[in-house]
Amino acid sequence: MFEFLRWFAAILILATTLVLLLSRDWRWSLAVLALQYLAIFSLFLIHWPLTMSAAKLVTGWMAAAILGVTLSNQADFLPIQSSRLFKLLLALVVAGAVFQGTLVVNDWIPDAGFPLVLAALLLIGQGLLQLGMTADPFRVTLGLLTTFSGFDLLSSPLDNSVLVAALLTASTLGIALAGSYLLTLQFSVEQEPVE
């Protein structure tokens with residue numbers, strides 16, 4: 001039963017990373033980011049206690065809320081993204097490479113389990129793809145949060161220290177706050193009157 005839930009979480013992470021890459025509406029992107037953190041939470045439960053895993057979930061939701069509050073009055077200024085078909089093809093190429101790499105990394109970290117390694121590498125790969133496809137602060141922040149979640153998830157079977165979890169949690173909030181600040185700067189520059 002638990003193995004089924006792990007696989008479901010890994011497939012959900014694949015779906016959420018694809019939607020984050022292809023979505024053009026910031027509301028959908030933030031809702032999917034919150035769903036992604038729920039799937040990550042279920043994978044953290046494999047190696048971490050419930051309290052530490054719940055802290056990761058709440059932190060992810062707080063990061064999405066920070067970005068949502070920043071964008072709530074500024075939605076008209078988000079740029080249109082490039083072709084969805086091109087992004088989908090690149091995402092499928094990354095997913096194929098991740099499936100091949102999972103076999104190798106799973107041998108390096110045998111305690112992790114195949115679904116956790118697959119989900120972590122999907123987060124890292126799709127997050128890096130998101131970072132490479134745009135210079136928009138919102139999309140860059142989503143890519144950073146996704147990539148960082150992948151590294152965080154991959155390190156979970158190696159170390160379950162409370163201090164490390166707290167530092168990683170603070171880093172997630174720092175990324176969200178920095179992204180919020182950059183979005184605010186972008187909006188203020190775009191709204192300045194031309195003289």
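The values are calculated or read from the model by the stated rules, or taken from the named source; none is laboratory data. Bear in mind the structure is a predicted one, so any value in this text is a computation, not a measurement. Heads up, the Cβs are rebuilt from the backbone with ideal geometry, glycines too, and the neighbour counts pull from every protein chain shown. Note: accessible area is taken over every heavy atom of the protein model, side chains too, but ligands, DNA and RNA are not part of it. Shrake-Rupley method; radii C 1.70, N 1.55, O 1.52, S 1.80 Å.
A few remarks follow.
- Computed about the Cα centre, the dipole magnitude for region 1-102 is approximately 80 debye when only Lys and Arg (+1) and Asp and Glu (-1) carry charge, each at its Cβ.
- Per-residue Karplus couplings for region 56-71, computed as 6.51 cos²θ - 1.76 cosθ + 1.60 with θ equal to phi - 60°, are listed in order as 5, 5, 5, 5, x, 5, 5, 4, 5, 5, 4, 5, x, 5, 5, 8 Hz, Gly and Pro entered as x.
- Computed packing ranks the peptides 101-110, 140-149, 166-175, 33-42 as 140-149, 33-42, 166-175, 101-110, most packed first, by mean other Cβ atoms within 10 Å.
- Trp61, Trp28, ranked by accessible area, largest first (probe 1.4 Å): Trp28, Trp61
- Carbon plus sulfur fraction of accessible area for the chain, probe 1.4 Å, in percent: 72
- Using θ = phi - 60° and Karplus 6.51 cos²θ - 1.76 cosθ + 1.60, couplings along region 7-22 (whole Hz; Gly, Pro as x): 5, 4, 5, 5, 5, 5, 5, 4, 5, 5, 5, 5, 5, 4, 6, 9
- Per-pair calculated FRET efficiency, R0 = 45 Å: Ser188 and Ala15 via Cβ, rounded to 0.05: 0.80
- Distance between the modelled labels on Ala178 and Leu89, one decimal in nanometres: 3.3 nm (7 Å Cα→Cβ projection).
- Stokes-Einstein D in µm²/s, Kirkwood radius over Cα pairs - the chain at 4 °C with 1.567 mPa s viscosity: 76
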